[in-house]
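Below is one structure, written out as structure tokens; the observations come after it.
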Amino acid sequence: MQQRVTILGATGSIGVSTLDVIARHPQLFSVYALTCHQQIETLIQQALVHQPQYLVVSDPNYYARCQQLAAEAKLSAEVLCGADALNMVASAPEVDTVMAAIVGAAGLLPTLAAAKAGKKILLANKEALVMSGKLFIQQVQQNNATLLPIDSEHNAIFQCLPTSFEYANLANAGIDKILLTGSGGPFLNCPLTELAHKTPEQACAHPNWDMGRKISVDSATMMNKGLELIEACWLFGLKPDDIEVVIHPQSVIHSMVQYNDGSVLAQMGNPDMRTPIAHALSYPQRIDSGVQRLDFKALSDFSFTAPDVNRFPNLALAMEAVKAGQYASTALNAANEVAVAAFLQGTLSFTGIAELNSNIMQKMPSVELDSVDDIIAYDQQIRQQAMLALRGAA
Ligand code: NAD
Ligand code: MG
């Protein structure tokens, strides 16, 4: 039977790669809905190819124009707008699988709607899990949703775990630790004194991966690895000390699981997100992803080092946050989204990102976040604090 798929954030890097895999297997997948924030021209082009039933534009300023373009293109899809429409296409009874590929906190509510509706969720949107952790996992478990990781590291860990792995039970599976690999980004070896002057273009020029701008900056500051550390804790029920971050600049090993008999299982492949996307779309089967096969003879180097927290202070902040509790992860994510947006707009320096994150973590109030409303209110409160701190710094 065909899987009917909604892609939240269809016009982004992950969305485009997902549609590429889907197009290779028309007998296996059909597209139910595609969503975007502002890139309506791309959305219309995608709709012409994939003929979804719904298109959702989340920014209301682009709604009327998108309706007009859809009519001109003679699309049969209904065009909707806003948060309720996002939730609807993520939870509709006709949908089997939801690709959560919106960037940032904006993806939380529709991804949660998919969890509540018991969908198969392919999670790329790590920020949603970082900001809501336990609550998100509870919704998945209570509603029998299936959560499959798209982040290449977490997908690799998932592939290296035994199929009998029970959430949070490392000892039962004979696991010593998880080795979370990261490339170190474009500034791994540049002199520390140059970091403050790095531009958005330099930060977004990742040596191995072609990604959206926010995650590219996060990779350059290694906040991405910090968010992934928190993400791994929630996805697999790990404690932060179960995870060791290892720099592997070639991005061929995507992460590893070390067992107590000395075995280390690694998942490898060329750095192309279509591998984890195809894996999760077709799990537990395997399908062609279009990714070029790994040629070991062509690999010139294969190296591993420990991360330098002087260069990447965000990594230490993430470790601190996950140990402190949910509020701290929510705060760090919110501060970082504000900081990265300011850096991309040219109003904050590259090193200012970690400075702002650290400043907010020193001031953040310690509170219990028991509901989605609590989480969203706290996220907003921290964003305001971060904006104020930015203005003070300007
Ligand atoms: P991107 O910027 O290329 O695309 C983001 C998508 O989200 C676009 O479709 C955009 O229209 C939509 N969007 C943006 N703001 C929105 C808003 N306020 N409301 C609703 N929709 C909005 O980002 P990406 O690189 O595809 O990353 C998407 C997510 O996947 C991120 O959470 C990222 O961390 C994660 N991820 C990406 C990669 C990668 O290789 N690109 C790898 C691992 C994880
Ligand atoms: Mg990743």
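The values are calculated or read from the model by the stated rules, or taken from the named source; none is laboratory data. Just so it is clear, the model here is predicted, and its values are computed rather than measured. Cβ: placed from backbone, ideal geometry, glycine included. Neighbour counts: every protein chain shown.
Here are the numbers for this structure:
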{"read-out": "Test: residue in segment 160-176 that is buried (at least 19 other Cβ atoms within 10 Å of the Cβ), in a helix (DSSP H, G or I) and more than 14 Å from ligand 1 (Cβ to nearest atom)", "value": "yes"}
{"read-out": "Filtered residues of segment 12-59 (kept if part of a loop (DSSP other than H, G, I, E, B) and more than 13 Å from ligand 1 (Cβ to nearest atom))", "value": "24, 25, 26, 27, 28, 51, 52, 53"}
{"read-out": "Residue 205 within 16 Å of ligand 1 (Cβ to nearest atom) and touching an Asp or Glu at 6+ places or on another chain (Cβ under 8 Å)", "value": "no"}
{"read-out": "Helices (runs of 4 or more DSSP H) wholly inside segment 77-153 that include at least 1 residues being more than 30 Å from residue 253 (Cβ to Cβ) and either polar (S, T, N, Q) or within 16 Å of ligand 2 (Cβ to nearest atom) (or both)", "value": "83-91, 126-142"}
{"read-out": "Residue selected from segment 269-297 under the condition basic (Lys, Arg) and closer than 22 Å to residue 146 by Cα, by the criterion nearest to ligand 2 (Cβ to nearest atom)", "value": "274"}
{"read-out": "Considering residues of segment 99-139 that are closer than 19 Å to residue 7 by Cβ and of a type in the set (Val, Ile, Thr) only, the residue surrounded by the fewest Cβ atoms within 10 Å (Cβ to Cβ)", "value": "103"}
{"read-out": "Residue list for segment 78-98, filter: over 16 Å from residue 119 (Cβ atoms), crowded, with 17+ Cβ neighbours inside 10 Å and within 22 Å of the chain's Cα centre (by Cα)", "value": "85"}
{"read-out": "Qualifying residue in segment 334-343 (condition: more than 19 Å from the chain's Cα centre (by Cα) and not assigned by TED's automatic domain parsing to the domain that holds residue 249)", "value": "yes"}
{"read-out": "Residue selected from segment 1-10 under the condition crowded, with 23+ Cβ neighbours inside 10 Å and either in a loop (DSSP other than H, G, I, E, B) or charged (D, E, K, R) (or both), by the criterion nearest to ligand 1 (Cβ to nearest atom)", "value": "9"}
{"read-out": "Residue pairs meeting the criteria (Cβ under 8 Å; at least 6 apart or on separate chains; first in the same structural domain as residue 31 (by TED's automatic domain parsing), in segment 82-110; second among the basic types (Lys, Arg) and part of a helix (DSSP H, G or I))", "value": "91/116; 103/214; 104/214"}
{"read-out": "Tabulated pairs, segment 127-146, first more than 16 Å from residue 90 (Cα to Cα), second more than 16 Å from ligand 2 (Cβ to nearest atom) and not in a helix (DSSP H, G or I), C-beta under 6 angstrom, 6+ apart or interchain", "value": "none"}
{"read-out": "Pair list, Cβ < 6 Å and 6+ apart or interchain, from segment 233-256 residues that are on the phi > 0 side of the Ramachandran plot to residues that are among the small types (Gly, Ala, Ser)", "value": "237/168; 251/183; 255/156"}
